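All of the numbers you see were taken from the coordinates with simple rules; none came from a lab. Please read these numbers as outputs of a predicted model, since none were measured by experiment. Glycine also receives a Cβ, built like all others from the backbone with ideal geometry; neighbour counts cover every protein chain displayed.
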Amino acid sequence: MPVPAAALTRKPVLFDVPYTPLEKRRLPAGRPREWYITHNRRLKAMRLAIALLDSGVYLPNQAHDNRIRLTAERIGVHRPSDTTCHMVRALMRYSR
């Protein structure tokens, strides 16, 4: 099946304004405390993984605990635990 010519000549879309995060919403009530802890840990791990990727750290074996913690300090996130550092490396590993 031939590919349409329009699909081959797409140009990148340029953004006029920088990225702004969405408005925060309250978390749903009534969940066990462990759910909230895990949820917030995943969000923190995602923020750290994105910051590491932006800084040029692409492989999980390059993301040592010290580098993750320095990145957290640089972007203004509280110091991550060993579990969160492990989660950051796991996110980097499975995103491929």
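Going by neighbour counts of Cβ atoms within 10 Å, the residues 43, 22, 53 line up, fewest first, as 22, 43, 53. With only the Cα atoms considered, the stretch 32-96 has a convex hull volume of 75 Å³ per residue.
Other residues lying with their Cβ under 12 Å from the Cβ of residue 36 contribute a combined charge of +4, Lys and Arg counting +1, Asp and Glu -1.
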